[in-house]
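Working notes for the structure below.
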Amino acid sequence: MINHHLSDGILKILLNRPEKKNAFANAMYSELTQILSDGDQNPEVKVMLISGAGNAFSAGNDIADFMQSPITHKDAPPINLLKVLAGLTKPLIAAVDGVAVGIGATLLFHCDLVYAQKDARFIFPFVSLGLVPEGAISLLLPRLVGHQRASEILLFGEPMSADDAQQIGFANKVITEPSALPYAELQAQKLTSLSFGSVLRTKSLLKDGALKTAVLNQIDIEGKLFIDRLHSPAAKEALTAFLEKRAPNFDGLD
């Protein structure tokens, strides 16, 4: 469900489940974690590039699969993936076409460059699902846009356009072509032509130290709360309602 190949120093990673808008089945978390870890350690890899097959980046969790294999502990595959993303030493570029939902949007906070096709939409539906944010975005998003704007984005979970994502600094550039991938590939090629040591050290200066420690700590804090909420009546109602294609009823459930 995830394709990858190395060419001219660029490890190209494709979320390849287009019939489900590249929603994450449980096995995909471990698969992507391994690909990213191996790429980060492979001396032939200079930059990694992630995209989605078809007309979506990722619709987030496959809810039916997720309900059958829910997160139950802090070392669960989704949390491990987020920690690996936060700890990458090599640049990670994302090309976003279509929707990026839930963890499909969260993981973008750990990319160094994000290029979004003009019709891309970013959705953080955690509260509407009876859950809480993940991947340290409760730390990183307010740092990017301020408390009030972050509260609006995370509490209401309404779709964010590509233009809005660029305006707040979440996306580097809005691509008007049919796909953001060709432009992202050009940017990846530019990186491979630069001093690799300087690229690595610059990323380290931007992401290591106190910020990295804070991010990893926040992932743990969010993970514990996420697990608690996942087993709450409100989350069970929201996830069931999603599968039944109806509005959830949270009355008396919190």
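The values are calculated or read from the model by the stated rules, or taken from the named source; none is laboratory data. None of the values given here were measured: they were computed from a predicted structure. A quick note on method: Cβ atoms are made from the backbone with ideal geometry, for glycine too, and the neighbour counts reach across all protein chains shown. Ligands, DNA and RNA are stripped out before the accessible areas are found, and what is left, the full protein with its side chains, is counted by its heavy atoms. Shrake-Rupley method; radii C 1.70, N 1.55, O 1.52, S 1.80 Å.
Miscellaneous remarks
- The set of residues in segment 188-209 being within 26 Å of Gly102 (Cα to Cα) and assigned to a helix (DSSP H, G or I) consists of Ala188, Lys203, Leu206, Lys207.
- Candidates Gly146, Gly87, Gly102, filtered to the one that is open to solvent by 10 Å² or more (accessible area, probe 1.4 Å) and at positive phi: Gly146
- Residue identified as of a type in the set (A, V, I, L, M, F, W, C), more than 30 Å from Arg201 (Cα to Cα) and free of Cβ contacts under 8 Å to residues at least 40 places away in the same chain among Val99, Val127: Val127
- Contact map, segment 23-45: residues that are farther than 27 Å from Phe196 by Cβ paired with residues that are open to solvent by 20 Å² or more (accessible area, probe 1.4 Å) and assigned to a helix (DSSP H, G or I), Cβ distance under 6 Å, separation 6+ or inter-chain. Pairs shown: Ala25/Asp65; Asn26/Asp65; Tyr29/Pro77; Ser30/Pro77.
- Residue pairs whose Cβ atoms lie under 7 Å apart, separated by 6 or more positions or on different chains, with the first residue in segment 233-254 and assigned to a helix (DSSP H, G or I) and the second open to solvent by less than 40 Å² (accessible area, probe 1.4 Å) and among the small types (Gly, Ala, Ser), are Ala234/Gly130; Ala235/Gly130; Glu237/Gly130; Ala238/Gly130.
- Filter result for the condition that a residue is at pLDDT below 95, out of contact with any helix residue (DSSP H, G or I) (no Cβ under 6 Å at 6 or more places or on another chain) and either over 24 Å from Thr89 (Cα atoms) or open to solvent by less than 50 Å² (accessible area, probe 1.4 Å) (or both), over Glu244, Glu152: Glu244
- Among residues of segment 197-241, those that are farther than 19 Å from Cys111 by Cβ and open to solvent by less than 30 Å² (accessible area, probe 1.4 Å), counted: 11
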